[in-house]
1. Tally time: how many residues in the stretch 221-245 are more than 16 Å from the ligand (Cβ to nearest atom) and open to solvent by 50 Å² or more (accessible area, probe 1.4 Å)?
2. Against the conditions (1) free of Cβ contacts under 8 Å to residues at least 60 places away in the same chain; (2) crowded, with 21+ Cβ neighbours inside 10 Å, where does residue 179 fall short? Just the number, please.
3. Would you say residue 78 is closer than 20 Å to residue 198 by Cβ and either out of contact with any helix residue (DSSP H, G or I) (no Cβ under 8 Å at 6 or more places or on another chain) or among the aromatic types (Phe, Trp, Tyr) (or both)?
4. Just one of the numbered conditions (1) surrounded by fewer than 22 Cβ atoms within 10 Å (Cβ to Cβ); (2) within 21 Å of residue 272 (Cβ to Cβ) is not true of residue 120; which one?
5. Hey, among 265, 253, which residue is on the phi > 0 side of the Ramachandran plot and within 21 Å of the chain's Cα centre (by Cα)?
6. From the list 160, 149, 130, 182, which residue is in contact with a strand residue (DSSP E or B) (Cβ under 6 Å, 6 or more places away or on another chain) and of a type in the set (S, T, N, Q)?
7. If you check residue 86 against the conditions, is it over 25 Å from residue 150 (Cβ atoms), at pLDDT 95 or above and open to solvent by 30 Å² or more (accessible area, probe 1.4 Å)?
Amino acid sequence: MRLILLCALLLIAPPLHAAERLNVVASFSILGDFVHNVGGDRVNLTTLVGADSDVHVYTPAPADAKRIADAKLVIVNGLGLEGWLPRLVQSAGSKAQVITASAGIAPLKLGSGADPHAWQSIPNAKIYVTDIAKALAGAVPSEADYFRTQAEAYLEKLETLDREVRDAVAKIPPERRKVISTHDAFGYFAAEYGIRFIAPLGVSTETEPSARDIAAIIGQIKAQKIPAVFLENISDDRLIRRIAAETGARVGGTLISDSLTGEKGTAPTYIDMVRHNIKALTSALDH
Ligand SMILES: [Zn+2]
């Protein structure tokens, strides 16, 4: 009798199998990293736009609809970054709750709309992480303590990272805190940490700059003595190389903007990405 009861109990409370983890879809790799840090092994995470890929112009694969249909939560950046996503959620017939990770931040204006690249400010990243932890806890209340503990540990790391960035920028002479990057991905970084970014591609990688835009940038680099231009891991680098050749500005390396790199790359995590970028910026600008 006792043995039967024990067996029955084991059947009721089995260990956490993959099938019982919370199915979460993150739209792109940076959000995926935040979800991974908070959700740990309690979450079955799928990231739609993977390493070194451009979230602005993503074309969903047929398998993505299935992933969305199976998800309980879909975590998106919002602010117009994932223009392709609402149709995907609709066509998947998904009942998933869509969580906008940027909902708690104060958006910056860029052109006629909001600048979607809010994660480039670490204080904003902390808001993303806090809200992701709340969403996960809301979806699985029995794991709320676990998600909170995970989030607190990660938020502490982000706090340290924020201090590293401020210390590094402080060492760059103020008149040299200006660079050219490919597209306008660093507005929040600029506003938070005081480095000026000028970008020939504008807010999205979707639009090509005109000859006039390029001429204007070349004029600006020469007039303002901008020390360095940067490539990005998601963009074609021919334009920036041409601008560098015509102005004599140094190519300062590659900035990681909208996507993490693969495991073997320089920035497989958000923290790696920020450290990589700040190292590239300081080594190009501080002398
Ligand atoms: Zn972008």
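1. 8
2. Answer for residue 179: the failing condition is (1).
3. no
4. (1)
5. 253
6. 182
7. Considered against the rule, which asks whether it is over 25 Å from residue 150 (Cβ atoms), at pLDDT 95 or above and open to solvent by 30 Å² or more (accessible area, probe 1.4 Å), residue 86 comes out as no.
Residues are listed down the side, and each one gets a yes or a no for (1) modelled with pLDDT of 95 or more; (2) open to solvent by 40 Å² or more (accessible area, probe 1.4 Å); (3) of a type in the set (S, T, N, Q):
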position: 79; (1), (2), (3): yes, yes, no
position: 97; (1), (2), (3): yes, yes, yes
position: 128; (1), (2), (3): yes, no, no
position: 132; (1), (2), (3): yes, no, no
position: 138; (1), (2), (3): yes, yes, no
position: 150; (1), (2), (3): yes, yes, yes
position: 158; (1), (2), (3): yes, no, no
position: 162; (1), (2), (3): yes, no, no
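The values are calculated or read from the model by the stated rules, or taken from the named source; none is laboratory data. If you're wondering where the values come from, they're calculated on a predicted model, not measured in any experiment. Because the Cβ atoms are built from the backbone with ideal geometry, glycine has one as well, and the counts that use them run over all protein chains shown. Areas reflect the complete protein model, heavy atoms only, side chains present, ligands, DNA and RNA absent. Shrake-Rupley method; radii C 1.70, N 1.55, O 1.52, S 1.80 Å.
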